[in-house]
Amino acid sequence: MTIWILALVLLAACIALGHKLGAINAAFTFVGIVLAGLLAAPLGGLFKHVLAHVGIQNETLAWAVAPIVTFFIILGVFKAAGFFVHRKVEVYYKYKAGDLRLALWERLNARLGACIGTLNGTAYLVLVSFVIYNFSYWTVQVAASENETRTTRFINRLGTDLQGTGLDKPGHALAAMPENFYKVADLAGLITQNPQLSDRLGRYPAFISLVERDDIQQLVKNSDFAAAWQAHAPMGQLLNDPQIKTLMQNTELLNAVWGTVTNNLDDLTGYLQTGKSARYDGEPILGRWDFDVSVSVAMLRQARPNIPSNEMRAIRAMWTQGFADTTLVAAGDGQLFLKNLPNFKKQPPTAETWKGSWTASGTNYDLSLTCNGENKSMTGQIGGGRLTLKDDKNILIFDRED
């Protein structure tokens, strides 16, 4: 219903305006609408950089606003040209052609203007359909809650009605956005509509190193945000969270996330849907691993068979406590995190996080790690679902985290 009301209002307004301003103005406007619609996106990049100097710093907002500004500038030029030509013709008929020809011209100009106004109204309707289609393609998927703002709910209603009338087809066909625009929207909708996928998202190999960032870890530990996310809270509420606002202002992080998403878009979508990654499943070290105390102690006993039983019991107790939270995280970009590794040289023992990189040769791995200016080299091997790490003193066994 809303789309039909919008269509009637646009057509009626353009017909009335065409009748009032005349055929020349209406014709120039129609050409301006067509050319502005075609050139708005290509020339929008020129104005995108200018918008930063007038207060629009957000890259996404500038990307969306620039074509709109370009459209109205081009349309304004054609409207100005139409008024100029109309004025020249009007002066001729008013002062040189005689009263009869003036009356005939005014009647023809008004009636023909009303007809061309119908074309203008139709052109505007297609353009508005294009805008509604692309905005609602996002909002319907990521902000479908009835608790969203009135503006968001109105855009969702327009998008639904647009599809119901069939005007989504010309709106989409007018100027299709880049394919990634729709794929990213589908991905965002999949994640927001299925908050239980957030854990799987954090395990995606390409995202692991991003999730291990300190600022992202603070968000992960934000219980209020997690509860709101799981409860399908309105998108406006989520975006207004102080930590989210801080992250949104971090251009370096946003570029890293965007680059990771666009470079792995199809694989990431498939991974969230199936839990399988065609790109990364062939590399067994990728993912999160938990330290296995019992097997590691058994390997120590095997390597040192003459160790006294009382000393072995002491080591088991010390390792059980010290390695309780030890995990290894291997990311798809080659980064490595050995977290909560106990340093028994200090009393009491302290848990340290070592960061570095891994390189592979089949199922064998070389690990280079650093912590507090100290370097550590380890070798690793995967077999039977277990990761075995060796350094100069110890053999550490890890099991893949479920």
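FYI, it's all coordinate maths here, none of it is from the lab. This one's a predicted model, so the numbers in the text were calculated from it and none came from an experiment. All Cβ positions, glycine included, derive from the backbone under ideal geometry; neighbour counts span all protein chains shown.
Structure values in brief
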read-out	value
Label assignment, mean projected area of the Cα convex hull in nm² derived from the structure, set [x] 21.2; [y] 28.1; [z] 26.7	[z]
Greater than 26 Å apart at Cα, pairs in Lys355/Lys390; Lys20/Lys79; Lys276/Lys390	Lys276/Lys390
Length added when fully stretched, Gln347-Ala188, from 0.36 nm per residue minus Cα-Cα	52.5 nm
Listed residue pairs exceeding 31 Å between alpha carbons, taken from Lys183/Lys376; Lys245/Lys346; Lys183/Lys221	Lys183/Lys376; Lys245/Lys346
Estimated FRET transfer efficiency when R0 is 56 angstrom, pair Ile244-Ala314 (beta carbons, to 0.05)	0.75
Partners for Lys393 among aspartates and glutamates (Cα-Cα distance below 18 Å; same-chain residues under 8 apart left out)	Asp292, Glu311, Glu352, Asp366, Glu374
Kirkwood Rh (inverse of mean 1/r, distinct Cα pairs), the range 179-300, angstrom	16.2 Å
Rounded to 5, percent antiparallel among DSSP beta bridges of the range 265-347	100 percent
Relative contact order of the chain, defined on C-alpha pairs under 8 angstrom at six or more residues apart (%)	12 percent
Distance between the range 215-262 and the range 350-402 - C-alpha centres, whole angstrom	31 Å
Size of electric dipole in the range 257-402: Cβ of Lys, Arg +1 and of Asp, Glu -1, about Cα centre, debye, nearest 20	580 debye
Distance from the range 16-42 to the range 113-179 (C-alpha centre basis), Å	20 Å
Quarter of Cα convex hull surface for the range 287-400, i.e. mean projection, nm²	7.3 nm²
The range 287-400: relative contact order in percent, alpha carbon pairs under 8 Å with at least 6 residues between	24 percent
Set of aspartates and glutamates with alpha-carbon distance to Lys88 below 20 Å, sequence-local pairs under 8 removed	Asp99, Glu106
